[in-house]
Amino acid sequence: MRFTKTILLASGLALAAGMGVAQSVDRADTVIFDLDRTIKDPENFNWFTPGTKRMHGAHQTMWEPLFILNYGTGELDPWLATEANSDEGGKVWTIALREGVEWSDGEAFNADDVMFTVNMAMTNEEISSREAATIRAQVESVEKVDDLTVRFTLKNPNPRFIVENFGVRIFGSFLIMPEHVWNGQDPATFAFNPPIGTGPYTFTSAATNRAIWDRNDEWWGAKTGFMDLPEPLRVVFIESGGEESRAQLMAANQLDAAQNVSVGTFEAIRAENAAVTAWYDDYPYAAADPCARQLEINTTVAPWDDPAMRRAVNHIIDRTQIANIAAEGATVPSKTMFAQYGSMDPFINAVIEAGHGLSPTADVAAGQALIEAAGYTMGANGVYEKDGAPLSVKIHVNSASTEYTKTIDVIVEQLNRAGIQASSVPVENGVFWGEVLPFGSYEMSYSWLSCGSVNEPWASMGRYTVKDVVPVGERSPGFNNTARWNDASAQAYSEIVDAMAGKALGDPEVPGMVAEAYGHLAEGMPFIPLVQSFKLLPMNTTYWTGWPSNDNYYNHPFFWWNTAHQIIHNLEKAE
């Protein structure tokens, strides 16, 4: 693949024009991040309302979190807060704020800002962001202990309260806003422009295709000794326009960090620009995304209501082949249901040591033995049959991504070769998420419905308990247990997982509980873990080094998340 100079020049001119509204900053002092969407309302910074209001640089450079979850260690790295503690039951939480934090206009950041923002979310139902809704659902009251201490009383005990709300568990966190700016405003309509934050960058300009943030040399963190000023003088988020154009920009050093690309595109970029790297230097290149892929099975539909038949499919699936063909080698087979981060190692290892780990390759004979034990015989056409009817299955798949459809194409071929008459049923995105999955309108489907756990097991395991079972045709709450798994193994699993819910993070009993519960999950097999989800994110070392990688694992590489503060602070100008 060669990239055309005409498009490169056009892209470069677009970037230069976008940056022309601000004071000139050398390219060598500017870090440019890829934005995979249009900024529909670039003058609005009210993150409580829908739209691209924060991932174009606002929560990566300007709005700082209280804590940042480290995916490698499972620890919460303190940021605007220094510590959080709960009572023995996990219902009352006290957060200590860092001394000396300031908003970019010089006002002190303190408990009044936290109190105000939390109460604003709790008392305004029209605020629609997920984080605000979670606060409303979990918090009974919040009180100021002193200028640097805030106490939360929850509606129900929750040992995961801090990481779920203030720790950037996945993508974002509940962001604290300045009381002295927001007080008296309508939180549903206030545009918050010009915006301010506590971060080391301030807003300079934005359009629908880019946003520019310039360094604030009076940042509180440098003044207090918390952290040095980041080296980039300017941070730019620019809409690349898709995989081909982001590849062109990266090859021409007009982009420093790009959104997801295919293996073929990444290798073509690197053939033209040897300074481009990824999470791994070689295969699989990509970093694991939190939402591992799986095959969901409707346990109410015959013959898949028989757990032995579900286990048969598990034996037949070759995960390595899925990784190599559908993902072009950019991922690895799943060992369990969990995302494979260092923070999850204690739980993954407990499952494997208990004998419930997944095989990366198929054991077709074992799968066929289970099918034959259920009364099926192989027909002359190579398809199992029983009572004159073939053993068949339709697998619903979201047609929005070639990753999804290619994966199911591989699985369909594997099942057909083993004697199951399988076929793919592609449906458009809205139908898949709005009708097929939540209402149980499928035999099998490709999804990632056990997504959630990145530092503890309950967030994923709690999605398959019997409390969420509803009849086919009714909407599963939160897409939980759409498989309608509700047999004896599900009951036993749920009892253990429900007991696990109240355990504190780091409780030494939890890995053993995970292994015990997973034994019931492996027996019932309401879904089949396949491969790790993946993001192949090209990083350019022409101007900047210090990008996160498997060898430089200070955290994950997802630069559109609230954790990007860590990435920017780790960047160093290339020699």
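The values are calculated or read from the model by the stated rules, or taken from the named source; none is laboratory data. Since the structure is predicted, the reported quantities are computational estimates derived from the model, not experimental observations. Cβ placement follows ideal geometry from the backbone for every residue including glycine, while neighbour counts extend to all protein chains displayed. Just so you know, the surface numbers come from the protein's heavy atoms only, side chains and all, with ligands and any DNA or RNA stripped out. Shrake-Rupley method; radii C 1.70, N 1.55, O 1.52, S 1.80 Å.
Note on region 56-121: with charges restricted to the Cβ of Lys and Arg (+1) and Asp and Glu (-1), its dipole about the Cα centre is near 220 debye.
Can you give the accessible area per residue of the chain, in Å², using a 1.4 Å probe? Show your work: numbers first, answer last.
Values: 21760 Å² over 575 residues.
I get 38 Å² per residue for this part.
Once the Cα-Cα distance is subtracted from the 0.36 nm per residue extended length, the residue 429 to residue 541 segment shows a gain of 36.7 nm.
Placing unit charges on the Cβ atoms of the charged side chains and taking the dipole of the chain about its Cα centre, the candidate lying farthest along the positive direction among 294, 133, 502 is 294. Available extension along the chain between residue 416 and residue 205 is 70.4 nm, counting 0.36 nm per residue and deducting the alpha carbon span.
Each of 56, 66, 81 was scored by the projection of its Cα onto the charge dipole of region 19-133, and the greatest displacement toward the positive side belongs to 56; charges sit on the C-beta of Lys, Arg, Asp and Glu. A simple spin-label model places the labels of residue 387 and residue 325 3.3 nm from each other, with each point 7 Å out along Cα-to-Cβ.
Only Lys, Arg, Asp and Glu count, each charged at its Cβ (+1, +1, -1, -1), so figure out the dipole size of region 279-371 about its Cα centre, rounded to 20 debye. Write down the numbers at each step before the final one.
Working: 5 positive and 11 negative charges, 44 e Å.
The calculated dipole for region 279-371 is roughly 220 debye.
Potential lengthening of the chain between residue 73 and residue 244 amounts to 58.0 nm, from the contour at 0.36 nm per residue minus the alpha-carbon distance. Please give the calculated 222 nm ellipticity per residue for the chain, where each DSSP H segment of at least 4 residues contributes -39500 (n - 2.57) and the sum is spread over every residue; nearest 500 deg cm²/dmol? Taking each H run of at least 4 residues, the total per residue is -8000 deg cm²/dmol.
Taking every eigenvalue of the Cα gyration tensor of the chain, multiplying by 5 and rooting it, what semi-axes result, largest first, whole Å?
Details: eigenvalues 358, 185, 82 Å².
So the three semi-axes of the chain are 42, 30, 20 Å.
Along the charge dipole of region 337-489, Cβ charges K/R +1 and D/E -1, which of 459, 346, 469 sits furthest on the positive end? Toward the positive end, the furthest listed residue is 469.
Would you please give the FRET efficiency between residue 305 and residue 186, computed as 1/(1 + (r/R0)^6) with r the Cβ-Cβ distance and R0 = 45 Å, to the nearest 0.05?
Numbers: r = 52 Å, r/R0 = 1.15.
Computed FRET efficiency for residue 305 and residue 186 comes out at 0.30.
Measuring nothing but protein heavy atoms, the accessible surface of the chain at 1.4 Å probe radius is 49 percent carbon and sulfur.
With each label modelled as a point 7 angstrom along the Cα→C-beta vector, the residue 549-residue 171 pair spans 2.9 nm.
Go through 335/535; 335/386; 40/406; 394/535 and tell me which ones have a Cα-Cα distance over 23 Å in this structure. Numbers along the way, then the final one.
Numbers: 335/535 18 Å; 335/386 33 Å; 40/406 32 Å; 394/535 28 Å.
Pairs exceeding the cut-off: 335/386; 40/406; 394/535.
Value of Rg to Rh for region 73-112, rounded to two decimals, is 1.08; Kirkwood radius and Rg both from alpha-carbon coordinates. Our Cα-only numbers for region 350-394 put the radius of gyration and Dmax at 14.4, 44 Å. A simple spin-label model places the labels of residue 400 and residue 126 2.8 nm from each other, with each point 7 Å out along Cα-to-Cβ. A Förster radius of 22 Å, combined with the Cβ-Cβ distance separating residue 283 from residue 359, puts the computed FRET efficiency at roughly 0.60.
Using a probe of 1.4 Å, the accessible surface attributed to residue 498 totals some 80 Å² when neighbouring protein chains are kept in position.
In terms of packing, defined here as the mean over residues of other Cβ atoms within 10 angstrom, the peptides 297-308, 453-464, 552-563 line up highest first as 453-464, 552-563, 297-308.
Rounded to the nearest 20 debye, the dipole size of region 470-524 about its Cα centre is 240 debye, using +1 on the Cβ of Lys and Arg and -1 on the Cβ of Asp and Glu.
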